[in-house]
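Notes follow the structure.
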Amino acid sequence: MAGSAVRVPAARLEAARGWRPDEAQVATALIALLGATLVVIIALPLWSLLSKSFQDGAGAFVGLRNYLIYFSTPTLFASLLNSVWVAALSTAIVVPLAFVYAYGLTRSCMPAKGAFYAAALLPIFAPSLLSALSLIYIFGNQGFLRHWLLGASVYGPIGIVMAEVLYCFPHALLILVTALSLSDGRLYEAADALGTARRRVFWTITLPGARYGLISATIVAFTLVVTDFGIPKVIGGQFGVLATDAYKQVVGQQNFPMGAVVGMILLLPAVLAFFVDRFVQRRQVALLSSRAVPYQPKPERGRDLAFLGYAISVGGLIVATYGVAVWASFVTYWPYNLSLTLKNYVFENAEPGGWEPYRNSLAMAALAAAIGTALVFTGAYLVEKLKVFPAGRAFAQFLAMLPMAVPGLVLGLGYVFFFNAAWNPLNVFYGTLTVLVINTIAHFYTVAHITATTALKQIDPEFESVSASLKVPFWRTFSRVTVPICMPAILDIAVYMFVNALTTVSAVIFLYGSGTKLAAIAIVHMDEAGFIASAAGMGAVIMLTAIAVKLAHIALNRFVFERLQAWRKR
């Protein structure tokens, strides 16, 4: 009896030591949890927006009546046409400019390529409104170059197009530099050996090879212009576009059904662009084979000097334009008293919260970067590396890609109707920093997810196979192998989330509360109140903060590569 009494607890202890949760069940539960999270932060807000567009002010179903009212109202329908032609014109200008700039960076031997590349990317680190504020100082009623417009006003389509070109230039450039970098040098060597004219080489080799990049850059630029809110709000004057119409309907007139209709119409160009991009991707063939030779441009004095001059002109224009806004933020009284002062940075004089919106932006961006990076990378690992619950993984992948086709303003409207609904227990978060963080993560989820998936695809599946054969649970492999290997990509995602959270306007313009106003929104309000110098100052602070974070990321990335990526070196 005594011996058996001793053996039973020992057996139980041995069983307890050997027990571990079933990996398949844990993985299935985590994938289901990921899917449920994406449904709440992405799918349900969009469904709320769609359903609201078919209701009247009291919530009763009215079918297509709101859409009929929209298209039969001349001023509202004119905004749709205005958005389309302004976006088309801006795209037609910015894509050729960016293509030539990218061509000079990748296909010439001009000096200081890194400096010119960095100069061209400057608008990414600033809110879109800052380019509009700069143009007001340059071409506005008190602008020092206003006579260049020959009597035309910058407040309207002219100013919108100019500011959107500045804002979209780096986005198009990033795509085109990547497209032009993927070239097989053997094709050009063969063309040289055959004595093929350069013009023919360009039209038969270079342009077809960059075709997908050109289409993608066109789609991205067009979508950015159609859905941008900040620039038309600051410099658009009385020229109505879809983004400002949605703002007026929701904030100005409290006409939520019509705001939902405008949001759905605003969604159409982005969705169409998304499907065109998917179609082009399927038809894209590999540009580099395993035997390909990277293209290396040869020095040529005349060509290199020409591209150097172009880069100085375009890159210098971008830096100078944003530099005007920074300079004007220190000016005492533009343009009559150009002495420098810091009074424009005493934001209490222009904004009741003073520096509080900036602190809110830092807190929101930090939380979005930390929580968003953890969610995105873990979710990408569950979808990409675990081979259980295929239906759940496919559903999560679909939801992860959905925000790519949803403009920030549309997602923000969806959050208004979903998180502010009386039936929703989550409405306690409306107007708080929590909903701003969730909205920002959802808005920028797709690009971060693609980045994480790309990094995970580069890891050999044998890691998981070996772990399974050694009976090591996947979560230990994830923490000890996958995360250290992918740390550079994780840092990229965190910085991407932080910078975009810091500069975004359209996605959060409807969601802030009295104590959670963000810096980019404060710029809109200061501009409306006539404190343009203080608005420029807040924009400059945001831009310098984003640049500082990026520089810190570069330094930290080098540290990570040196320590955690030492295995890559022989």
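The values are calculated or read from the model by the stated rules, or taken from the named source; none is laboratory data. Remember, it's a predicted structure, so these values are computed and weren't measured experimentally. Note: ideal-geometry Cβ built from the backbone for every residue, glycine included; neighbour counts use all protein chains shown.
Points worth noting:
- Check on residue 64, of a type in the set (A, V, I, L, M, F, W, C) and in contact with a Leu (Cβ under 9 Å, 6 or more places away or on another chain): no
- Looking across segment 81-96, the residues that are buried (at least 19 other Cβ atoms within 10 Å of the Cβ) and not small (Gly, Ala, Ser) come down to 82, 86, 91, 94, 95.
- No other residue among 143, 151 is at positive phi and not in a helix (DSSP H, G or I) apart from 151.
- Selection from segment 200-226 of residues that are in contact with a Leu (Cβ under 6 Å, 6 or more places away or on another chain), modelled with pLDDT under 85 and crowded, with 20+ Cβ neighbours inside 10 Å: 210, 213
- Qualifying position, being assigned to a loop (DSSP other than H, G, I, E, B) and farther than 26 Å from residue 534 by Cβ, among 59, 104: 59
- Looking only at residues of segment 545-563 that are of a type outside the set (A, V, I, L, M) and modelled with pLDDT of 80 or more, we find that the one that is nearest to the chain's Cα centre (by Cα) is 550.
- Cβ-Cβ contacts under 8 Å between residues 6 or more apart (or on different chains), taken from a first residue in segment 523-550 that is over 24 Å from residue 142 (Cβ atoms) to a second residue that is surrounded by fewer than 24 Cβ atoms within 10 Å (Cβ to Cβ) and of a type in the set (Gly, Ala, Ser), are absent.
- When residue 288 is tested against the conditions (1) surrounded by 18 or more Cβ atoms within 10 Å (Cβ to Cβ); (2) at pLDDT below 80, the lone failure is (1).
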